[in-house]
Each structure stands twice: as C-alpha cells, then as structure tokens.
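Taking it in order: structure first as structure tokens, then the write-up.
The values are calculated or read from the model by the stated rules, or taken from the named source; none is laboratory data. Source: prediction; values computed, not measured. Note: ideal-geometry Cβ built from the backbone for every residue, glycine included; neighbour counts use all protein chains shown. The area values use the complete protein model at the heavy-atom level, side chains included, leaving out ligands, DNA and RNA. Shrake-Rupley method; radii C 1.70, N 1.55, O 1.52, S 1.80 Å.
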Amino acid sequence: MAYFFYLDGVLLPITPGELQMKIKGHNATETLMDETEINYLKAPGLTEIEFECRLPQTPYTFINGEALPAADYLALFESMKTEKRVFQFIVSRMDEQGNLLFDTNIKAALEEYEITESADEGFDILVNVSLKQYREFGTKLVKIEEPASPGEPAKAVTETPRESTTAPGRSTYTVQSGDCLWNIAKKYLGNGARYKEIYTLNKDKIQNPNLIYPGQVLTLPAA
C-alpha cells in the first residue's frame, strides 16, 4: 500500500512513517436530580493532525517524484505560518496495483512545526508538523425594510452571501512544477474533489493520479 502526502499541493519527498489524526468531541455529560447521567451530543471539534516528515539532503531511490531542496520545504512551512495561510492537506492511499483506495482531504492551517537536525540522521532534516482543521465562517447581512404604512413594525430580512466561482472554462491544461490533480481541479473546475474526473479523462497519460509531471498536457472536463 502506497501513501502520498500533499501540503498546499506540494508532494512531500518521503512519505511519513506515521500519521495521527485526532477528531475531538465536545459532548457534555450531565447528572439529573435522580442521579441519572445523560449525554448532550454536540458538533465535533476541529480535527488535529500530527506527523513527522524527513527532508532529504542526500539522494535516495525511494523519493516521491522530483524532490525539492530541503530549504524549499522549510520555506514552505515558514510561509504557511507567517502568512497565516489556509491550505489543503491531502493523503492519497493506493494499493499494490496502483488503484486509488481513498483520500484524506482536509482544509487545514499549520499550528506549529519543530525542526530537528541530528548527526545520527546525517544531512537529513526531520520536521514534526502539527496541523489543525480549518472551517470556513462568515457573517450574515441583515437588511431592515421600512414599514409599508405608519404603525407597522419594520422587517428584518437576512441575506446570506452566496458562494460563487470564477474558475475559467478550459479544455486543456499544461502541468506546472508543484501541481497536483486536486489543485488543478480546484482552480479550473471550482471543486478539488473533481480531480478524479481529470484522472479518468487522462488515463492514457497518467498511470498514477498522485504523480504528474511538468509539461504534461491534460484534458479537462467541462466546468
């Protein structure tokens, strides 16, 4: 079974050996007057994600795709933190035949990361990464309508802004360095989950949906 980790569309060069995901709960237990306990079920909290990744500075045969210099990955972590950037965290799981099993696909923010350099690891750098799920939130607009006649109360009408996409319609796309199918689908189709449609249309060019290369010309489905 093969795993591929993406942070903001960037494939980690070496798949972490362990992934921890904690789905927090906010349920509350109360005791009634007769000492019976009851449980108030509440919405789940934000998912917390932890893993350790290795940034190689020596060549390995098992590196995923074309690895960037370790300094580039460290710069990515730093920009995520300092720019308060929200990004997509994706883990793709594939069987021995290269068939996609299922994905973890979460909008997240970088909580903290810890860099370790050790003589035991040679020139490689180890980074402990902590992410937290990000949920969109917004405000509602309230418009006060004047009464039609004196004596009638004013009416409050809630207007909820609608989401819209400005993704341009395209028939083909040339893969750029750092691209992944999820990001291409998000940018040009308005929904990252539609990356499977791109993969299906381009099976003659893509053997593994997690491995695409700069210069490939992909056919895109209708937006």
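Kindly establish whether Y134 is among the hydroxyl-bearing types (S, T, Y), open to solvent by 60 Å² or more (accessible area, probe 1.4 Å) and in contact (Cβ under 8 Å) with a residue 24 or more places away in the chain. The answer is yes for Y134. The test for being closer than 17 Å to P16 by Cα and open to solvent by less than 90 Å² (accessible area, probe 1.4 Å) holds for F89. Scanning segment 44-69 for residues that are aliphatic (A, V, I, L, M) and modelled with pLDDT of 90 or more yields L46, I49, L55.
If you go through segment 213-223 and pick out every residue that is among the aliphatic types (A, V, I, L, M) and modelled with pLDDT under 85, you end up with 2.
Screening I38 against (1) β-branched (V, I, T); (2) touching a strand residue (DSSP E or B) at 6+ places or on another chain (Cβ under 8 Å); (3) open to solvent by 70 Å² or more (accessible area, probe 1.4 Å) leaves a single unmet condition, (3). Only one of the listed residues (Y3, Y60) is touching a residue at least 12 places away in the same chain (Cβ under 8 Å) and under 22 Å from L100 (Cα atoms). That residue is Y3.
Exactly one residue out of A167, A148 is of a type in the set (A, V, I, L, M, F, W, C), over 20 Å from F77 (Cβ atoms), modelled with pLDDT under 85 and in contact with a Phe, Trp or Tyr (Cβ under 7 Å, 6 or more places away or on another chain), and it is A167.
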